[in-house]
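Heads up, the thing below is written out as structure tokens.
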Amino acid sequence: MQTLIALVDCNNFYVSCERVFRPDLIGKPVAVLSNNDGCVVSRSKEVKDLGIKMGVPVFQIQQLINQHQITLFSSNYTLYADMSSRVMSTLEAFAPSMEVYSIDEAFLDLTGVCHQDSIAYGDLIRKTVVRATGIPVCVGMGPTKTLAKLANFAAKKWCKTGGVLDLSDLVRREKLMRIVPVSEVWGIGSRTTLKLKQLGIHSVWDLATQSSQRIQKQFNIVVAKTVLELNGISCFQLEEISANKQQIVCSRSFGRRLTGYKDLFEAVAEFCSRAAEKLRKQHSVTGCMSIFIRTSPFNSQEPQYQRSATIKLVAATQDTRILITAADRLLKEIFKTGYGYQKCGVQLSQIHSESMPSQCDLFDFTDNDLPKDNRPLMTTIDQINRRFPKAISIAATGFEQSWKPKSERISPRYTTDWQDLVCVK
């Protein structure tokens with residue numbers, strides 16, 4: 001029985017989430033902005049047709065925004081995460097195995113599921129997701145994950161596919177590969193693309209007809225496996241259980257320039273709290289932490305400064321209080337007065353499972369015999385915050401948080417906040 005893998009990818013996901021609750025915007029130009037409302041991170045088809053690129057700063061396209069009356073939204077990650085969960089829950093009914101690849105993509109193992117008409121089954125998936133969630137999707141299929149990705153690219157690009165394409169057929173596969181540039185292959189980045197073109201490899205077909213041994217010598221094992229995958233030989237298996245993150249980064253641009261240590265430390269402490277929550281969610285501990293601060297690189301009229309600092313923790317921890325204390329020590333080392341800071345961030349590394357044995361601190365106990373890394377306390381705080389969001393905060397210096405990024409165009413949290421439920425009249 002031939003293996004059949006499907007990739008289901010949501011179309012313009014952030015924009016589609018906004019349109020579910022604003023159907024008056026269907027068919028009109030809509031864009032979603034990054035943190036601080038700085039850059040475009042999601043575009044409707046109408047915006048793409050205007051030539052607006054992903055990641056372009058808003059101030060550079062203000063004339064187009066006014067001219068074509070483009071509706072802008074601030075990023076509403078609470079809404080997007082919940083809508084993603086609804087899409088993935090819907091997809092689980094279509095396959096025995098599924099890998100959630102990103103917030104808007106999932107691989108399905110359809111081997112033996114749709115014996116006769118894979119296109120009809122893919123169309124059923126597409127229509128069911130739209131009916132259940134309101135999110136439009138495209139479905140690409142093939143014997144491998146790489147071919148499923150390629151099929152999904154074609155299903156989105158060419159309307160004649162109806163949003164569903166299967167590359168199991170060799171003739172159809174070759175025809176597509178000859179017209180698609182090699183840069184569209186899953187896992188082939190810009191640097192690899194440049195090097196491939198120097199070798200005369202321009203299309204997907206050019207890459208697929210190469211010897212995998214030769215490609216491995218000139219590149220690496222991953223590109224060699226990609227060549228095999230393009231020829232229908234599966235090398236990348238579905239990962240039903242997501243691997244724990246080996247690095248956790250929390251950073252944001254500020255809503256205003258920060259000049260004082262107090263405000264900057266408050267922001268760093270907030271990011272420590274978020275990173276620690278993510279760490280505990282995957283039942284891990286960290287042995288190393290870094291922080292960075294910087295001014296705006298886009299304003300040449302202001303004095304420029306950026307620094308980072310790293311500390312190796314005495315004992316691996318997941319305790320927010322310990323991370324904030326360490327961050328305070330690092331920030332005092334690199335902070336300088338006289339600068340308007342525009343961004344800071346926290347990075348946790350040397351991450352491993354909390355159950356893994358590690359070196360203990362000889363003095364890791366307080367007078368009441370409780371360890372400094374109080375995991376029961378942190379677990380309790382997380383449980384309370386899940387039930388009552390932001391109910392408990394480990395304060396650094398204050399609660400004003402005037403540094404928080406601008407979100408002037410954020411939509412209501414329609415599905416996660418009782419106060420934001422849609423009113424039907």
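Using 0.36 nm times the number of residues separating K45 and D82, minus their current alpha carbon distance, what extension gain do you get?
Values: separation 37, 0.36 × 37 = 13.32 nm, distance 2.32 nm.
In short, 11.0 nm is gained.
With the contact rule set at Cα under 8 Å and sequence spacing of 6 or more, what percent relative contact order holds for the chain?
Details: 722 pairs, mean separation 69.3, N = 425.
The normalised contact order for the chain reaches 16 percent.
Taking the mean number of other Cβ atoms within 10 Å as a proxy for protection, how do you rank 190-200, 415-425 from highest to lowest?
190-200, 415-425
Among (1) 150, 56, 41; (2) 72, 55, 48; (3) 61, 45, 42, find the value of Cα extents along the principal axes in Å that was calculated from the structure presented, and write down its label.
Derived directly from the coordinates: (2).
With a sphere of radius 10 Å drawn around the Cβ of L108, what net charge do the other residues whose Cβ falls strictly inside it have (Lys, Arg +1; Asp, Glu -1)?
-3
Within the stretch 320-334, find all residues whose amide N lies under 16 Å from a label point positioned 7 Å from the Cα of S393 along Cα-to-beta-carbon.
Counting only backbone N, you get 321, 324.
Could I have the simple spin-label model distance between N220 and E184, label points 7 Å from Cα toward Cβ, reported in nm to one decimal?
Result for the modelled spin labels: 2.5 nm.
How high is the FRET efficiency from V113 to Q60, r the C-beta distance, R0 51 Å, rounded to 0.05?
On the way: r = 47 Å, r/R0 = 0.92.
Rounded to the nearest 0.05, the efficiency is 0.65.
Assuming R0 = 22 Å, can you tell me the calculated FRET efficiency for the pair E239 and H283, based on Cβ-Cβ distance, to the nearest 0.05?
For E239 and H283, the calculated efficiency is 0.80.
Mind giving me the FRET efficiency for L199 and Q2? R0 is 30 Å, r the Cβ-Cβ distance, nearest 0.05 is fine.
Plugging the Cβ-Cβ distance into 1/(1 + (r/R0)^6) gives 0.40.
Students often forget the sequence filter, so: which lysines lie under 20 Å Cα-Cα from K157 once same-chain residues fewer than 8 apart are removed?
Partners within reach: K28, K45, K48, K53, K127, K145, K149, K175.
Give me the distance between the Cα centres of the stretch 116-148 and the stretch 12-38, rounded to whole Å.
23 Å
Over the C-alpha atoms of the stretch 5-166, what are the Rg and the largest Cα-to-Cα span, Dmax, in Å?
My reading of the Cα-based Rg and Dmax gives 16.4, 53 Å.
With each pseudo-label sitting 7 Å past Cα toward Cβ, what's the N385-H68 distance in nm, one decimal?
Result for the modelled spin labels: 4.0 nm.
Using Cα pairs closer than 8 Å and at least 6 residues apart in sequence, work out the relative contact order for the stretch 188-268, in percent.
Numbers: 28 pairs, mean separation 12.8, N = 81.
Once normalised by length, the contact order is 16 percent.
Only the coordinates and a few stated rules stand behind these numbers; no lab work does. Small disclaimer: the values here were computed from a predicted structure and weren't measured. We place every Cβ from the backbone using ideal geometry, glycine too, and count neighbours over all the protein chains shown.
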